[in-house]
Amino acid sequence: MITFIMSLCSLQMLGALPQAQELSYSQLLSQTYDLRHLCELPAADERSEQLRLVVEAGQLEYEITGPAVVTRLFIDATAGKINLDFAEDSFAMDLSDTSKLAAAPLIVNYGNATSMTLPLTIAANATLRVSASAASYVELDTWYPGSAYSLPDSSNKFLRTQRDKIKRTIEVFVNNQHPVTMLSPNPQKIGATYYRSKEMPPSTTNGEFRWLLRGSGIVRWFELEFVHKVAPAKTVELLRSLVLKIEHGCESIGDEGTTVAEIPLGDFFSAYYDASANNNYFLGYNEESQKFYCRLPITFKKNLRLSIVSDIPGMSRLRMIAGVDMMDPKTVPALTLRSNFVRAVGSGSAESAQLNVKGAARLIASMFSFTSPSSSQVIQDQDFGFASASSLPDLTHGEQILRREGPGVFGNNSFMRWYLSAAPSSATELSYNPALKLADDEKTNYCLSTWWFGSLDAKVAGAVTYPQAQRLHADNPLPTFFVVDGANEAEHIAKPRMSTGSTIEVVLVDSSYEVSSLQFAKWVPSAPNQAILFDYSITESGQYSFEVQLMMGPSFGKVQVLIDGKATGEVIDCYSDDVGTSGLIAVGSVRMMARNSHVLGFRSVDKKTIGIDCYIIKKL
């Protein structure tokens, strides 16, 4: 009898052992576009890693201890093999044929690099093996959910069983779909960007557009657009001048609440110029619909106020619409969307570009912006290691590079890093310092914007609130640089089309040359009469003029400009004993129809290199 009782107790004790909670692959796929899980408090043993691993002589071997999820793998090669060997099975990918596994944006071939954000799960232990002769490094983002969770091994056999779910995930990004929400119809507000209480004196500005959401829940997404009968001529520039303010605990439309974010809408341009919408899923501007959108979840327990602060002369009518899940306050996740902004001037290193939070927090994205005569000094080697000025931009929903002019974000050059499910996190204190580099021999204006989930009582060390004007370009930024007004920078175009065998790179030049933004696209053909093509859209039919600025020098040859495939203007001879620019050359004017499929091309007549600085397309 005693033996039986002891055995029964032993069984009961075994039954009381905590069982690991299974994280399904469906959950992990949904977490690539639905970030609500990041609003939960981090577990005590939860952590993440962002590594840059060196590939030596084309080979790399790295051990990973699970349970773990590789959320992002980036390699500067498009040929070779990647293997993840588990105890009893393996994952294998041929970089020259990734389509068998998944399509963009979960796996993207950039022509000179490959990026994968398809989750790779590891149950216990695995070995990453890379064999790619042209590769020099691999970037690896890994999330370790903690001992409370169990995961499957993402072998090729397992991933084949998940094909339909992977396909549906890709469709969300490609179609730029909003998350499905419970509250129907979606609440919205239409009004003018003006709010002033009776006690306040008259104002020469439009003031604020305010929208109070009562109760508790999660704003899963929202959109913002102008609702004029005729949209303003420069909608993008106008919207960049607006500032989004997020406040909690407001009892009425006029009460002040706890402000957790003040964000210029220029920050929503978090993708490379001309990037497609799926490369900019969480924050973005849809040029076709002329709408800003945000898909970062905003939790709230006692009312939420979204305000748009405007200094645009004249009344601006706006519509804001949101997808909301209403919830009991007790079930609302503890963390909500917050943002912080730091601006400074320095040399050598951006010492002030950091975030220090007392309290639970998860960092999901950071954007480093600066003014500089070139981008050579910001080739980073840690969190911004992907920001290489010598290669085409890295474009996925996992890493993005901005290089644009104009207001919204302070600085001529901006680099944005998304962490998403591999977000650096802490249950007590988060310290983030990406060790960003600056030029040693000159002062540089710079800023760091951070997007993070944190509790309302989390405190940011050294946080300073800056007025909107300080987040724009300074009148005379340090240092100054040359820019052709109103031009399209050829090196900013994400994916030009090129003849087979030709190559392209971004070349930086000294500030003594009047090259726009001090860099140009250097295209090298492999045969005479090959061409490089830049796609562009026309929104209004009419007569358009074309001007181009090309590089001159001993290595450059004869160029024929093509407009929609037709030779336009005279052949331009770019040979010169001295290196410089041609200045703006008027190619001619052409009547264009309103459509998205126009093409501007440059054909090498004599097989010599073409240096394309910028071009201007203007309606007459």
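The values are calculated or read from the model by the stated rules, or taken from the named source; none is laboratory data. Quick caveat: nothing in here was measured; it's all calculated off a predicted structure. Here the Cβ positions follow ideal geometry from the backbone for every residue, glycine too, while neighbour counts run over all protein chains shown.
Scoring Pro525 on the criteria (1) more than 22 Å from Ala487 (Cβ to Cβ); (2) at pLDDT 90 or above; (3) more than 32 Å from the chain's Cα centre (by Cα) leaves a single failure, condition (3). Scanning the stretch 88-108 for residues that are under 17 Å from the mean Cα position of the chain (by Cα) and outside any loop (DSSP other than H, G, I, E, B) returns Ile107, Val108.
The number of residues in the stretch 327-344 that are surrounded by 15 or more Cβ atoms within 10 Å (Cβ to Cβ) and either acidic (Asp, Glu) or in a strand (DSSP E or B) (or both) comes to 8.
Of all residues in the stretch 167-211 being part of a helix (DSSP H, G or I) and out of contact with any Phe, Trp or Tyr (no Cβ under 6 Å at 6 or more places or on another chain), which is modelled with the lowest pLDDT? Working first, answer last.
Looking only at the stretch 167-211, we keep the residues that are part of a helix (DSSP H, G or I), and these are 167-174.
Restricting the remaining residues to those that are out of contact with any Phe, Trp or Tyr (no Cβ under 6 Å at 6 or more places or on another chain) gives 167-171, 174.
Details: Lys167: 95, Arg168: 95, Thr169: 94, Ile170: 92, Glu171: 93, Val174: 85.
Looking at the filtered set, the residue picked out is Val174.
The numbered conditions (1) farther than 30 Å from Ile504 by Cβ; (2) assigned to a strand (DSSP E or B); (3) modelled with pLDDT under 95 are all true for Gly146 except (2). Across the stretch 48-84, what is the number of residues that are out of contact with any Asp or Glu (no Cβ under 9 Å at 6 or more places or on another chain) and surrounded by fewer than 17 Cβ atoms within 10 Å (Cβ to Cβ)? Residues that pass the stated criteria total 10.
Which one is surrounded by the most Cβ atoms within 10 Å (Cβ to Cβ) among residues in the stretch 91-139 that are under 14 Å from Leu60 (Cα atoms) and among the polar types (S, T, N, Q)?
Keep residues of the stretch 91-139 that are under 14 Å from Leu60 (Cα atoms), which gives 126-139.
Narrowing further to those that are among the polar types (S, T, N, Q): 127, 131, 133, 136.
On the way: Thr127: 13, Ser131: 15, Ser133: 11, Ser136: 12.
My answer is Ser131.
Could you please find all residues in the stretch 109-119 being assigned to a loop (DSSP other than H, G, I, E, B) and within 20 Å of Ala422 (Cβ to Cβ)? If you could, list the steps in order and put the result at the bottom.
Going through the stretch 109-119, the residues assigned to a loop (DSSP other than H, G, I, E, B) turn out to be 110-113, 117-119.
Result: Ala113, Thr117, Leu118, Pro119.
Among all residue pairs at least 6 apart or on different chains, which show Cβ distances below 6 Å where the first residue, located in the stretch 281-294, is aliphatic (A, V, I, L, M) and the second is not in a loop (DSSP other than H, G, I, E, B)? Within 6 Å, the pairs are Leu283/Phe268; Leu283/Cys294. I'd like to check something: does the stretch 120-142 contain any residue that is assigned by TED's automatic domain parsing to the domain that holds Thr78, free of Cβ contacts under 8 Å to residues at least 60 places away in the same chain, among the hydrophobic types (A, V, I, L, M, F, W, C) and assigned to a strand (DSSP E or B)? For the stretch 120-142, residues assigned by TED's automatic domain parsing to the domain that holds Thr78, free of Cβ contacts under 8 Å to residues at least 60 places away in the same chain, among the hydrophobic types (A, V, I, L, M, F, W, C) and assigned to a strand (DSSP E or B): present.
Once the stretch 140-150 is narrowed to residues that are crowded, with 20+ Cβ neighbours inside 10 Å and of a type in the set (Phe, Trp, Tyr), the residue that is nearest to Met93 (Cα to Cα) is Trp143.
Return a yes/no flag: does the stretch 305-317 have any residue that is surrounded by fewer than 20 Cβ atoms within 10 Å (Cβ to Cβ), at pLDDT below 95, more than 22 Å from the chain's Cα centre (by Cα) and outside any loop (DSSP other than H, G, I, E, B). There is at least one residue in the stretch 305-317 that is surrounded by fewer than 20 Cβ atoms within 10 Å (Cβ to Cβ), at pLDDT below 95, more than 22 Å from the chain's Cα centre (by Cα) and outside any loop (DSSP other than H, G, I, E, B). Among residues of the stretch 165-185 that are under 21 Å from Val219 (Cβ atoms), those with a beta-carbon under 7 Å from a residue that is assigned to a helix (DSSP H, G or I) and not hydrophobic (A, V, I, L, M, F, W, C) at least six positions away or on a different chain give the pairs Phe173/Asn278; Asn176/Asn278. One residue stands out in the stretch 560-571 among those that are touching a Lys or Arg at 6+ places or on another chain (Cβ under 7 Å) and part of a strand (DSSP E or B): the one that is surrounded by the most Cβ atoms within 10 Å (Cβ to Cβ), namely Leu562.
Taking each residue of the stretch 484-506 that is without any contact (Cβ under 8 Å) to a residue 40 or more places away in the chain and looking for partners that are of a type in the set (Ser, Thr, Tyr) and outside any helix (DSSP H, G or I) with beta-carbon atoms closer than 7 Å, six or more apart or interchain, yields Gly501/Ser526; Ser502/Ser526.
Looking at the stretch 514-550, which of its residues are assigned to a loop (DSSP other than H, G, I, E, B) and either surrounded by 15 or more Cβ atoms within 10 Å (Cβ to Cβ) or among the aliphatic types (A, V, I, L, M) (or both)? Step through it out loud before you land on a result.
Within the stretch 514-550, the first condition is being assigned to a loop (DSSP other than H, G, I, E, B), and the residues that meet it are 514-515, 525-530, 539-541.
If the condition is that a residue be assigned to a loop (DSSP other than H, G, I, E, B) and either surrounded by 15 or more Cβ atoms within 10 Å (Cβ to Cβ) or among the aliphatic types (A, V, I, L, M) (or both), then Glu514, Val515, Pro525, Ala527, Gln530 are the ones that fit.
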